[in-house]
Amino acid sequence: MPLFPSSIFDQVYFHLPEFNHLFPLHVCQQKTQRGAITIENCIFGFLLSMSHLEILSLEGLRNDGRRWNEMRNFFCRVGIEPSENGSSYVQHGNTRVMCIINGPSEPAVKSKSRADRAFVNVDINIAPFSTIDRKRRFKSDRRIQLQCLALQRTFEQVLQIELYPKSQISINLHVLHDDGAVVATCMNAATLALMDAGIPMTDYVCCSTAGIVDSDILLDLNSLEESDLSWMTVAVMGTKNKVTYLQLETKMHLDYLDSVMNIAIAGAEQIYHMMQSAIRQSAKPYLAKLV
């Protein structure tokens with residue numbers, strides 16, 4: 001690990017290609033016991049102190065080159081696992097989620113059986129390598145449990161669960177990489193997988209995020225922006241524009257709440273058209289057999 005003596009502390013500069021600038025080492029105040037400073041600590045301290053300033057540049061560009069109303073690249077596929085009832089893969093920017101649907105089938109736990117409708121079970125598995133900290137997250141984690149409950153209640157509104165009494169529909173989500181909007185990506189992947197499984201739904205569930213920095217609204221946040229801004233996740237029904245899920249992650253001024261929510265709804269509409277195109281593309285082989 002390279003060390004820099006404190007005597008030359010104010011004379012050493014380092015270069016970060018991502019920002020294309022030279023920065024002095026005095027941005028980091030953390031020293032070792034030997035009076036030396038590691039370059040890793042300097043870079044970490046600089047990113048912590050300067051992350052807010054790099055969210056939106058003077059030219060109106062974000063840290064990944066997008067403008068305020070631009071979304072990250074969205075790619076989705078359905079039927080990636082033929083042996084399962086339904087499956088999908090969604091890549092939103094660098095966030096990658098795979099969804100597997102099992103059922104309708106007999107409930108594994110008899111107490112979850114409902115006489116008049118199906119029970120929707122949601123499991124979210126976050127891979128240890130999906131984030132920078134490589135922290136293993138268990139299903140007993142409170143945040144994961146709340147996310148599973150939110151997805152369960154959301155899809156109970158759009159699935160025609162009354163057609164499958166005393167049965168269970170299992171939605172298994174695997175987060176392979178988390179670079180922001182992970183809940184939104186999970187909802188979009190679950191929607192595609194449920195359609196691939198042939199389970200009747202009243203509409204698409206399309207989800208997107210939006211946040212605000214100072215007075216500027218940003219659409220589709222990445223992980224760096226989520227850690228520094230006030231933001232929300234909004235899910236709507238694709239054709240009805242009815243909000244089915246809204247989660248505000250941090251405090252937000254009431255004057256900006258409607259504007260941020262409208263931008264998130266507009267992003268969900270864009271995702272709806274891309275998801276609809278993917279579903280129609282996957283159905284072409286089956287339609288060709290009917291002709």
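The values are calculated or read from the model by the stated rules, or taken from the named source; none is laboratory data. All figures in this text were calculated on a predicted structure; none of them were measured in a lab. Heads up, the Cβs are rebuilt from the backbone with ideal geometry, glycines too, and the neighbour counts pull from every protein chain shown. Each accessible area value is taken on the protein alone, full model and side chains, heavy atoms only, with ligands, DNA and RNA left out. Shrake-Rupley method; radii C 1.70, N 1.55, O 1.52, S 1.80 Å.
Straight-distance candidates among the lysines for linking to LYS240, with alpha-carbon spacing under 27 Å and chain neighbours fewer than 8 residues away dropped: LYS284. Applying both filters, DSSP loop and at most 10 other Cβ atoms within 10 Å, to the GluC sites (Glu not before Pro) of region 54-130 gives GLU59. Loop-located chymotrypsin sites (Phe, Trp or Tyr not before Pro) in region 191-277 (DSSP state other than H, G, I, E, B) with a sparse environment of at most 13 neighbouring Cβ atoms within 10 Å are absent. For LYS135, no lysines have a Cα falling under 26 Å of its own Cα, not counting residues fewer than eight places away in the same chain.
Each of GLN247 and LEU176 was given a label point 7 Å from its Cα along the Cα-to-Cβ line. The distance between the two points is 2.2 nm. Looking at region 72-290, the DSSP beta bridges with both ends there are about 85 percent antiparallel. Only lysines eight or more places from LYS242 in sequence, or on another chain, were considered; those with a Cα closer than 24 Å are LYS251. Proximity of backbone amide H atoms, modeled 1.01 Å from N, is registered between VAL120 and ILE169 at under 5 Å, excluding neighbours fewer than 5 places apart on the same chain.
Taking θ as phi - 60° and the Karplus parameters 6.51, -1.76 and 1.60, the scalar couplings of region 219-233 work out to 9, 6, 7, 8, 5, 5, 6, 5, 6, 10, 10, 8, 8, 9, 10 Hz in sequence order, x denoting glycine and proline. Taking 0.36 nm per residue of sequence separation and removing the Cα-Cα distance, the ARG117/GLU269 pair yields an extension gain of 51.7 nm. Protection proxy ranking of 196-202, 174-180, by the mean of other Cβ atoms within 10 Å over each peptide's residues and highest first, is 174-180, 196-202. Residues whose amide H comes within less than 5 Å of that of GLY79, counting only those at least five positions distant or on another chain, are SER87, SER88 (H built at 1.01 Å from N in the peptide plane). Note on exposure: LEU61, LEU151 ranked by accessible area (1.4 Å probe, complete protein assembly) read LEU61, LEU151, with the most exposed listed first.
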